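S.K.: Below you will find the structure I want to go over with you.
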Amino acid sequence: SGPEDSHEFQAETKMLLDIVAKSLYSEKEVFIRELVSNANDAIEKFRYLSTTEASAFTDVDRPLEIHLAVNKDAKTLTFQDTGIGMTREELVANLGVIAHSGSKAFLAELKNSKGDPSGIIGQFGVGFYSAFMVADKVTVYTRSVKPDSKGYIWTSDGAGSYSIQEGEHVHSGTKVVLHLKPDCMEFCDEDRVKGILKKYSNFVGSPIFLSGKRVNTIQPLWLMDPKEVTPEMHEEFYRFVGYSYDRPRFTLHYRADAPINVRCILYFPEGKPGLFELSRDADIGVALYCRKVLIKHRAESLLPKWLRFVKGVVDSEDIPLNLSRELLQDSAQISKIRTVLSNRVIRFLQDRARKEKESYEEFLRNYGVFFKEGILTSQDQMEKEELSRLLHYESSQLPQGEKVTLAEYCSRMKPGQRDIYYLAAPSRQLAESSPYYEALKDRDVEVLFCYEPYDELVLVQLREFDKKYLTSVEKQMRQEKKTVDYDADSSGLSKSDADELVAWTKKILSGKAHTVQMTAFLDAHPCVLTVEEMASARHFVRTQFSQVP
Ligand code: ADP
Ligand code: MG
């Protein structure tokens, strides 16, 4: 062995290590998932590179496997893989610095959750560093498969620093040895470790051995006949691919050969979206494979951004293996897959809305906001309209709590009606007593009530549905004049009193109101304010005129 070379961890890494080590997290076991995933990633990287640049590597023909071993006497648990290995520079860059998205997301979420990490470590997994939840010393032996690479030994107690030295008899690939903490001896129990492997790592592409015996059953479910996959298999697979602890609410197992080859399983979660998923910065939750070889874990361009809450796997034989990962984003094949999948997903959910009404309602309460985002961000009117079919609203013609879709609304429009009317209000009660609604009430047209903050903006963006205009009742009121017939109605103001009132009001609101006029629309309200078109302007107006009843 060569001389030792000692390094400090990056500040962010130190902070993470500190949190991880001190956390009384009950599911410490997730470190096994993390280290096995790293081993498998390393093997996949090697497999991927060896198919594209085989000649550049040594040892291309060795078996690609992951071996775990427990040693009760030495109090160690060891993970060994025949993957790509690391050079000295890679060791420093990968294990000394937080570079990966999971840990960054973890730290971001930690800020949101005001400092209690216990609930979120397991959700994210904190990658390699999770080893320090159970080990007071970790030693990594690694040798890169690149020609002429030396072997290195990396050691740390997870406190402030780590050291690297050269090692002579290090095999290519990586071996991680955990020296277990006294209260973590369960992790050198073979049965316990086997149970954890089954739980999290059952579908890992590379063969996993524990004490020489094969543990994982490789079954890429997405390549199977959908009829042969049981709900239990889906549940297990979902937990694995989604890093989730809930269950799939809906499962779309879809296969097509044209216009592009796709085999996929997409899961729609039963639980609520996490804070991080709600942010537009979150990555897509779906992995891209080509013939079972992982191309990319969170494959950004594979689904539209508003489907980032969907978990699963997409496999396509039409993705050239040697496509560089950076180029994926611009690839024509990827954008073809994206179009196929987003259309299929919308159709699938429209079906769920019809066939699993109750479950769909609950789903919509949790995830409807993503579809609204889709309508707001899509550039394509057809797609906007298809997406709008996934939403539904209360209506003036239905009891509170019952909902109607835009399509249902259209199917019962009166002959000659060319608009879909809606009214945005904070609640049913305020909608029904609204002067805007009162104005349309006589005409007996159906009005959609929407209560959510973005509903109005979404409907303005949508503009049309099935060739009908989406029209707010407020806009309708501005467009359609209804002048007062003073001669016919002697119970109200005389024409001269009315004119005087209008003149006075104009003076009082001078510079604040564009027009002041008498209208015969209202019965129960003395006056009403209307704003031209812009839904967001209303919120502004509401605060500016808050003194006006
Ligand atoms: P992530 O796997 O999300 O990138 P980790 O903290 O789990 O983050 O690992 C950090 C990095 O260390 C990996 O991206 C990889 O480059 C490197 N690494 C970890 N384990 C191995 C391994 N067994 N073989 C090769 N490289 C590894
Ligand atoms: Mg990892």
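S.K.: Testing the spin-label approximation: label points 7 Å from Cα along Cα→Cβ at Arg291 and Val516. State their distance in nm.
M.R.: With each label placed 7 Å out from Cα toward Cβ, I get 7.9 nm.
S.K.: Extending each Cα 7 Å along its Cβ direction at Leu223 and Asp189, get the distance between those two points in nm, one decimal.
M.R.: Calculated label separation equals 3.6 nm.
S.K.: What shape does the range 322-420 have by the C-alpha gyration tensor, where a ≥ b ≥ c are the square roots of the eigenvalues, rounded means a/c under 1.5, and otherwise prolate means a/b greater than b/c and oblate the rest?
M.R.: Prolate.
S.K.: Work out how much length Asp157 to Met382 would gain on full extension: take 0.36 nm times their residue separation and subtract the Cα-Cα distance, in nm to one decimal.
M.R.: Result: 75.3 nm gained on full extension.
S.K.: Could you tell me the center-to-center distance, by alpha carbons, between the range 488-519 and the range 197-276 in angstrom?
M.R.: Centre-to-centre distance over Cα atoms comes out at 68 Å.
S.K.: Next up: With a cut-off of at most 10 other beta carbons within 10 Å, and DSSP calling the residue loop, which GluC sites (Glu not before Pro) in the range 124-190 qualify? Please list them.
M.R.: The qualifying sites are Glu168.
S.K.: Rounding to the nearest 10 and keeping the result within 0 to 90°, find how far the Cα-based axis of helix 190-201 lies from the longest principal axis of the chain.
M.R.: So the inclination is approximately 40 degrees.
S.K.: What GluC sites (Glu not before Pro) in the range 440-510 are in a loop by DSSP, with at most 16 other Cβ atoms within 10 Å of the Cβ?
M.R.: Glu480
S.K.: Hull surface divided by four, with the convex hull built on the Cα atoms of the range 140-264: how many nm²?
M.R.: Orientation-averaged projected area of the Cα hull: 12.7 nm².
S.K.: Report the FRET efficiency, 1/(1 + (r/R0)^6), for Asp246 and Asp73, where r is their Cβ-Cβ distance and R0 is 25 Å, rounded to 0.05.
M.R.: 0.05
S.K.: Please tell me which of these pairs span more than 19 angstrom C-alpha to C-alpha: Lys137/Lys175; Lys104/Lys198; Lys194/Lys292; Lys357/Lys403; Lys372/Lys475?
M.R.: Lys104/Lys198; Lys194/Lys292; Lys372/Lys475
S.K.: Could you grab the relative contact order for the chain? Cα pairs under 8 Å, six or more apart, rounded to a whole percent.
M.R.: 10
S.K.: Can you compute the FRET efficiency between Arg62 and Met233 using 1/(1 + (r/R0)^6), with r the Cβ-Cβ distance and R0 = 51 Å? Round to the nearest 0.05.
M.R.: 0.95
S.K.: If you consider only alpha-carbon coordinates, what radius of gyration and Dmax does the chain have, in Å?
M.R.: 30.9, 107
S.K.: Chymotrypsin sites (Phe, Trp or Tyr not before Pro), restricted to the range 214-298: which are DSSP loop and have at most 15 other Cβ atoms within 10 Å?
M.R.: Tyr245
S.K.: Could you check what % of the DSSP bridge pairs in the chain are antiparallel, to the nearest 5?
M.R.: Once the DSSP bridges in the chain are tallied, antiparallel ones form about 80 percent.
S.K.: Would you please give the FRET efficiency between Asp281 and Asn261, computed as 1/(1 + (r/R0)^6) with r the Cβ-Cβ distance and R0 = 45 Å, to the nearest 0.05?
M.R.: Step by step, r from the Cβ atoms, then E = 0.90.
S.K.: Could you pull out which residues in the range 411-452 have an amide N less than 16 Å from a spot 7 Å beyond the Cα of Ala488, following the Cα-Cβ vector?
M.R.: Inside the label zone: 442-443.
S.K.: Indicate the gyration tensor shape class of the range 208-291 (rounded, prolate or oblate), computed on the Cα atoms with a ≥ b ≥ c the square roots of the eigenvalues: a/c under 1.5 is rounded; otherwise a/b larger than b/c is prolate and the rest oblate.
M.R.: Here the range 208-291 falls in the oblate category.
S.K.: Against the 2.2 N^0.38 Å scaling, with N counting residues, where does the range 131-209 land? I'd like the Cα-based Rg ratio to two decimal places.
M.R.: Compactness ratio reported: 1.29.
S.K.: What's the magnitude of the charge dipole for the range 367-433 around its Cα centre, counting Lys and Arg as +1 and Asp and Glu as -1 at the beta-carbon? Answer in Debye, nearest 20.
M.R.: Roughly 200 debye, rounded to the nearest 20.
S.K.: Further question on the same structure: How many percent of all Cα-Cα pairs in the range 379-445 sit more than 20 Å apart?
M.R.: 35
S.K.: Limiting things to C-alpha atoms, what are the Rg and the maximum Cα-Cα separation (Dmax) for the range 465-518, in angstroms?
M.R.: 15.5, 47
Readers should treat all values here as calculations from the given coordinates under stated rules, not as data from a laboratory. These numbers were taken from a predicted model, which means no experiment stands behind them. Note that each Cβ is placed from the backbone with ideal geometry, even for glycine, and that neighbours are counted across all protein chains shown.
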